Every structure is written in C-alpha cells, then in structure tokens.
1. Quick check: is even one residue across the range 49-62 more than 25 Å from R118 (Cβ to Cβ), among the basic types (K, R) and in a loop (DSSP other than H, G, I, E, B)?
2. Of these, V73, V100, which one is buried (at least 20 other Cβ atoms within 10 Å of the Cβ), at pLDDT 95 or above and under 16 Å from N4 (Cα atoms)?
3. Scan the range 16-54 for residues that are under 15 Å from K104 (Cβ atoms) and surrounded by fewer than 16 Cβ atoms within 10 Å (Cβ to Cβ) and jot them down.
4. Can you report the number of residues in the range 45-76 which are of a type outside the set (D, E, K, R) and on the phi > 0 side of the Ramachandran plot?
5. Under 6 Å between Cβ atoms, which residue pairs at least 6 apart in sequence (or on different chains) link something in the range 77-101 that is at positive phi with a partner that is surrounded by 16 or more Cβ atoms within 10 Å (Cβ to Cβ) and not in a helix (DSSP H, G or I)?
6. Within the range 103-129, work out how many residues are under 11 Å from the mean Cα position of the chain (by Cα) and at pLDDT below 95.
7. For the range 77-93, give me the residue count where each residue is over 21 Å from E21 (Cα atoms) and surrounded by 18 or more Cβ atoms within 10 Å (Cβ to Cβ).
8. If the Cβ limit is 9 Å and pairs must be 6+ apart or interchain, which residue in the range 38-49 that is farther than 18 Å from G67 by Cβ and at pLDDT 95 or above pairs with which residue that is polar (S, T, N, Q) and exposed (fewer than 15 other Cβ atoms within 10 Å of the Cβ)?
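The values are calculated or read from the model by the stated rules, or taken from the named source; none is laboratory data. All of these numbers come straight from a predicted model, not from anything done at the bench. No Cβ is skipped: glycine too gets one built from the backbone with ideal geometry, and neighbour counts run over all protein chains shown.
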Amino acid sequence: MDANALFLPFSLGILLGDEAERLLGPVDLAVPSSVRLELETLVARKAPAAEAARELSKRFPTVRAAGRGDGAVLAAAVRRQAVVVTADRGLALRLREVGVPVLKPRGPGRLALALPRRGSTSRPTRPAK
C-alpha cells in the first residue's frame, strides 16, 4: 500500500482488507518502509488524518523498500510481484505500465482492480501488498 491508500478508510470509508479480499481472495497486506517514513513526515506536518493513517499502518507488516516516494513503492512491488493499493493516478499508471496490478478507489467504500496494461514488462501474481 502506498501512503494515500492508508487515508482511504478515513476519506472514503474503504475497508482495505475487506475490499482486497473481495477482489483477490485471501491477501497479506503490507506497508513499504518508505511509506512509513512518509507517514511520519505527514504527522510532523500535522496533515489531516495523518496520525490515523500512521496508526492504521501499524496493523500491517513492513516490507523493505529502498529509496523514497513512488519509486520505492514501484520497485518493491515489482521485486515482490505484488498488487499495490493506491489512490494516486500517476503511480497507478506507472505501476500498470510495468506489469503491476493496482487496487484503486471506486467510490465510497469500494476498491476496483486495474490490471496491467497490454505489453507490460512483467506479470505480478502475488496478492495485494
């Protein structure tokens, strides 16, 4: 999951685990280490709902992600062959272009699965991360 995905329960009422399982079956959700650092920065800046997102992130295991920002999430997803939960349209497009499926918001309380684009370079097969 990227950082903005952890805000979805508070902004759109999306239950991340329930929605991921509805779309993919049993899953193991995880948070990249780079996202944890980003959440700490947002909390320090007193961004709305950042503390709640940080607390929610503590429910999930951490996966190592070298670097920062979207690039770190993308690299971790490709390395782990994972599906990524994000509300970031730009990141979702980049992920799909390199073969990473994306779970993205589709209105209040719901996620939708966006499959990799045709001709993408790899095909992740593991459930949502």
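1. yes
2. V73
3. Scanning the range 16-54 gives a single hit, R22.
4. 3
5. Filtered contacts from the range 77-101: Q81/P124; G99/P116; G99/S120.
6. 2
7. Qualifying residue count, the range 77-93: 1.
8. Final answer for the pair search is A47/T41; A49/S11.
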